[in-house]
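Remarks on the structure that follows.
The values are calculated or read from the model by the stated rules, or taken from the named source; none is laboratory data. All values reported here derive from a predicted model rather than from experimental measurement. Accessible surface is based on the protein model in full, side chains and every heavy atom, while ligands, DNA and RNA are left aside. Shrake-Rupley method; radii C 1.70, N 1.55, O 1.52, S 1.80 Å.
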Amino acid sequence: MADAGGTRELTVGAGAGAQQLGTDMVLNIGPQHPSTHGVLRLKLVLDGEKVLSAEPVVGYMHRGAEKLFEVRDYRQILVLANRHDWLSAFSNELGAAMAVERLMGLEVPERAVWLRTAMAELNRILNHLMFLGSYPLEIGAITPMFFAFREREVLQAVMEEATGGRMHYMFNRIGGLKEEVPAGWTRRAREAVDLVESRMPALDDLIRRNDIFLARTVGVGVLSAADAAAYGASGPVGRASGLDFDLRRDEPYLAYGELDVPVVTRTAGDCHARFEVLLDQVYASLRLVRTCLDRVDRITGPVNVRLPKVVKAPEGHTYAWTENPLGVNGYYLVSRGDKTPWRMKLRTASYANVQALSTLLPGTLVPDLIAILGSMFFVVGDIDK
């Protein structure tokens, strides 16, 4: 409708949120969209193909894990903990177990500590390989997915042999691990690591310096170090912006205090820098796994401690945090002396990382939207915990 001055207004329906936006348009990306890594909605205001504002809308797949913790005993909460980020299951259950162990004052056997460290790094590699395959796929490169999944299958076989699971391992227990690894497992794990390391250059050479991939990612979606710190971004996303922070080195847990942990950083803060940090971290983690396996071979003894039939944590509270594959995860546990937590609050990496989209997306073009979204490396279950 035009008025006497010739100006034109366009009303765009957005459900209950329809607005008078001049010639701007509200566009919803998701909640069901293949590139949102789950059920995430992005509410965009566009001027043509330019993004004026972006609002991540979460909560569509809320799992209620934090409330469910309160009605599960300390052995059962590990089942819930390993599911909110389904690509980092071992690391998730590890953080929850560490919080309970810290509150109970349990000392985990040395062999279990080194096995946990080795498997946490294997889980990190599996997580990163998923994104190294899916991210190029989202912006049009199909072949890297086949390379990444070939390497994932080699390592998945090793994890499945030890734990019995391919996704939700459930191998951690309060006080250690479920059971001893099979005879010869460390040798087979070492062979798998060697094979993956020898074949990683095929994936690396295919994508890292690919002209089309560079054109889609270099200089796109730049997140400054100040903004990354302000949003609490961590892991590959934070380190790609120059935040030199890694709990494995800065506040060691498990056996990381005895390891030389290389921290992979970049300063560009763009989509390509985030991808490179992920890629180079795979090489670093492969070397860490090999070191841990060598140490496991020299240690004998149990892999868990004997616990009473009913596990009760003493009254009090504690906070355990871990360097999960996607960033810093925190577990704030409050106990009133019962067999269930009174409260267990999760601080997840994906929740902090996805907030930065409201700063990253304005000013960009719609064709760059998916490249930026995918490079933030989040799992929506980790947001809607």
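Side notes on the structure shown:
- For the chain, modelled as a GNM whose springs connect Cα atoms under 10 angstrom apart, the maximal fluctuation among Leu115, Leu307, Leu126 occurs at Leu307.
- Under-17-angstrom lysine pairs by C-alpha in the chain, whenever the two are 8 or more apart or on separate chains: 7
- Per-q log10 I(q)/I(0), the stretch 291-385, q = 0.21 Å⁻¹ (Debye; single scatterer per alpha-carbon; no solvent): -1.05
- Whole-percent carbon and sulfur share, accessible surface of the stretch 254-370, 1.4 Å: 50
- Against the criterion of solvent-accessible heavy-atom surface with a 1.4 angstrom probe, Arg187, Arg116 sort, most first, into Arg187, Arg116.
- Accessible surface computed residue by residue for the stretch 175-314, with neighbouring protein chains in place and a 1.4 Å probe, gives 44 Å² per residue.
- Each part reduced to its alpha carbon centroid, the stretch 312-385 and the stretch 150-170 end up 24 Å apart.
- Quotient of C-alpha Rg and 2.2 N^0.38 Å, computed over the stretch 30-86: 1.62
- Along the stretch 288-300 the Karplus relation, 6.51 cos²θ - 1.76 cosθ + 1.60 evaluated at θ = phi - 60°, assigns HN-Hα couplings of 5, 4, 4, 4, 5, 5, 4, 6, 4, 5, 9, 10, 10 Hz to successive residues, with x for each Gly and Pro.
- Accessible-area composition of the stretch 87-147, carbon plus sulfur, in percent [1.4 Å probe]: 60
- Computed with a 1.4 Å probe over protein heavy atoms only, the accessible surface of the stretch 45-129 comes to 34 Å² per residue.
- Read-out mean projected area of the Cα convex hull in nm², derived from the coordinates shown; its label in (1) 22.1; (2) 19.8; (3) 20.8: (3)
- By the helix-only formula, in which each DSSP H run with n ≥ 4 contributes -39500 (n - 2.57) and the sum is divided by residues, the chain has a 222 nm mean residue ellipticity of -14000 deg cm²/dmol.
- Within the stretch 214-372, the proportion of C-alpha pairs whose separation exceeds 29 Å stands at 36%.
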